[in-house]
1. Looking at the range 247-263, I want the residues that are touching a residue at least 12 places away in the same chain (Cβ under 8 Å) and farther than 14 Å from GLY386 by Cβ and have a partner that is surrounded by fewer than 23 Cβ atoms within 10 Å (Cβ to Cβ) and among the charged types (D, E, K, R) with Cβ atoms under 6 Å, at least 6 apart or on another chain. Which pairs are those?
2. Could you tell me whether any residue of the range 100-107 is of a type in the set (Gly, Ala, Ser) and in a helix (DSSP H, G or I)?
3. Look through ASP169, ASP150, ASP141, ASP186 and report the one residue that is in the same structural domain as LEU319 (by TED's automatic domain parsing), buried (at least 16 other Cβ atoms within 10 Å of the Cβ) and not in a strand (DSSP E or B).
4. Looking only at the range 329-344, count how many residues are modelled with pLDDT of 95 or more and within 16 Å of LYS301 (Cα to Cα).
5. If I filter the range 317-326 for residues that are in contact (Cβ under 8 Å) with a residue 40 or more places away in the chain, among the small types (Gly, Ala, Ser), part of a strand (DSSP E or B) and within 23 Å of GLY404 (Cα to Cα), do I get at least one hit?
6. Let me spell it out: the conditions are (1) under 19 Å from the mean Cα position of the chain (by Cα); (2) in the same structural domain as PHE306 (by TED's automatic domain parsing), and SER411 meets all of them except one. Which number is the exception?
7. Answer yes if at least one residue in the range 79-93 is more than 20 Å from the chain's Cα centre (by Cα) and assigned to a helix (DSSP H, G or I), and no otherwise.
8. State whether the residues of the range 54-65 include one that is closer than 30 Å to ASN333 by Cβ, among the acidic types (Asp, Glu) and either at pLDDT below 95 or assigned to a loop (DSSP other than H, G, I, E, B) (or both).
Amino acid sequence: MASPKPLPGFPYPNPTKAYWQTPTLPMSDHRTTPNLPPSAKYVIVGSGITGATIAHKLLLAEPSASIVLLEARQASSGATGRNGGHCRPGDFLEFKNNVDTIGVEEALRVENLEETNVRAVAAFVDEHGIDCDFRARETLDVFVDPKQWDAALATLKARDEVGVPKLTDHTIWSAKETREELLIPDGVGAISYPAYILTPYKLVCALLEMSLKKGMNLQTNTAALEVKQNPESKVWTVRTDRGEIRAERVILATNAYTAALYPPLADFITPRRGQMAAVRPGSKIAGNPVLKRTVAMYTTKGYPYFQSRGDDVPGAGDLIFGVGSLGGPEDYNTFDDTTIDSYSSNYLRNAAIGIFGEETWGENGAVLQEWTGIMGATADYHPFVGEAPGQEGLWICAGFNGHGMGLAFRSAEALVGLVTGREKEVDEWLPKCYRLSRVF
């Protein structure tokens with residue numbers, strides 16, 4: 001039978017199968033009730049890290065609130081379930097650019113949110129004993145281009161001059177150390193710092209399960225197609241492919257797909273396709289301690305990154321390589337995550353040889369799986385958090401630029417604070433450049 005034709009701007013049916021979703025968890029196709037409930041106080045659209053966290057934190061703030069969470073496909077089948085499995089405060093190198101564009105105070109808030117977000121995720125996983133393969137790892141930003149390396153060092157200097165709080169220690173590796181100790185022969189320098197790896201899909205499914213136990217209604221394979229408000233009653237109606245549901249408040253945790261339900265953001269969130277590959281290590285490097293670190297490469301062509309699965313988790317030793325939108329123009333302004341780009345595929349299959357060199361890596365190991373995912377990119381690289389101007393009760397938390405694991409947990413916390421009337425408290429720490437109102 002032919003696949004359903006995708007609607008413009010909405011998730012495609014039958015996406016590529018991600019490594020993390022093999023096999024899927026029981027939560028994947030969960031429907032709390034056979035039919036869509038007629039109404040709820042809150043309807044959340046999107047079941048990734050953002051939507052799942054919003055539901056969890058809403059129930060902490062309002063334990064008796066009725067919440068329905070809608071997901072167009074399987075649970076956590078969007079960007080969260082398709083990413084590289086990193087949770088790292090990696091945007092510190094944007095500090096100098098942020099100072100130039102939004103000022104020192106805002107740049108410090110952006111830095112603090114990311115740092116505290118990563119720590120909050122780690123603390124949450126530990127507190128609740130969530131089995132999501134969460135492991136502490138030293139991570140590296142490695143440079144092979146002298147100009148990019150000089151810019152990185154200039155940023156570190158600017159951070160010191162401003163006096164950025166030392167929430168994370170950054171260690172500088174010389175060219176000699178990068179080449180001899182990190183085994184990257186073309187490296188001109190590197191910066192390392194503490195981070196984490198995980199299976200994001202497992203984390204999100206655990207979050208959803210916690211909310212289900214507190215009364216949330218989850219409806220997977222239920223596409224929200226339109227949201228509209230009655231001008232007199234101010235009640236919202238969400239039209240889905242399975243019927244309608246009314247709500248006092250609607251929250252869009254829809255990332256790249258947000259403009260389909262809130263068209264005013266069409267010019268401000270751009271869908272961008274990234275690609276991943278899971279491979280076995282090369283014949284000469286298997287078991288080498290250098291693979292215990294995670295790596296993001298700064299090059300003039302692409303931005304490859306990888307992690308190696310630990311010895312004590314499923315898929316021990318598997319390497320997960322990713323690259324964002326390398327394939328060309330077809331990877332921009334597309335919602336199609338049902339296909340594999342051949343150019344990106346070849347790049348990822350050979351990325352390790354490009355990083356370590358054939359002498360160190362050896363012959364390529366087996367390619368286990370390849371998949372794509374759709375990220376939501378914003379022009380200023382900051383997400384949108386807030387209420388839609390002039391549309392009381394419609395809230396948005398989206399546009400994470402491929403860095404949701406580093407930003408979404410606390411952004412969701414901010415959104416819940418705003419929704420539940422704690423704006424003054426949220427204003428004390430949420431960057432103004434995250435506010436949805438900045439573009440209107």
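1. Final answer for the pair search is GLU248/LYS41.
2. Yes, the range 100-107 contains at least one residue that is of a type in the set (Gly, Ala, Ser) and in a helix (DSSP H, G or I).
3. Sole residue among the options that is in the same structural domain as LEU319 (by TED's automatic domain parsing), buried (at least 16 other Cβ atoms within 10 Å of the Cβ) and not in a strand (DSSP E or B): ASP186.
4. Result for the range 329-344: 0.
5. Among the residues of the range 317-326, at least one is in contact (Cβ under 8 Å) with a residue 40 or more places away in the chain, among the small types (Gly, Ala, Ser), part of a strand (DSSP E or B) and within 23 Å of GLY404 (Cα to Cα), which makes the answer yes.
6. Against the list (1) under 19 Å from the mean Cα position of the chain (by Cα); (2) in the same structural domain as PHE306 (by TED's automatic domain parsing), SER411 comes up short only on (2).
7. The answer is no; no qualifying residue exists.
8. So far as the range 54-65 goes, no, none of its residues is closer than 30 Å to ASN333 by Cβ, among the acidic types (Asp, Glu) and either at pLDDT below 95 or assigned to a loop (DSSP other than H, G, I, E, B) (or both).
The values are calculated or read from the model by the stated rules, or taken from the named source; none is laboratory data. Note that this is a predicted model, so its numbers are computed, not measured. Positions of Cβ are generated from backbone atoms using ideal geometry, with glycine treated the same way; all protein chains shown enter the neighbour counts.
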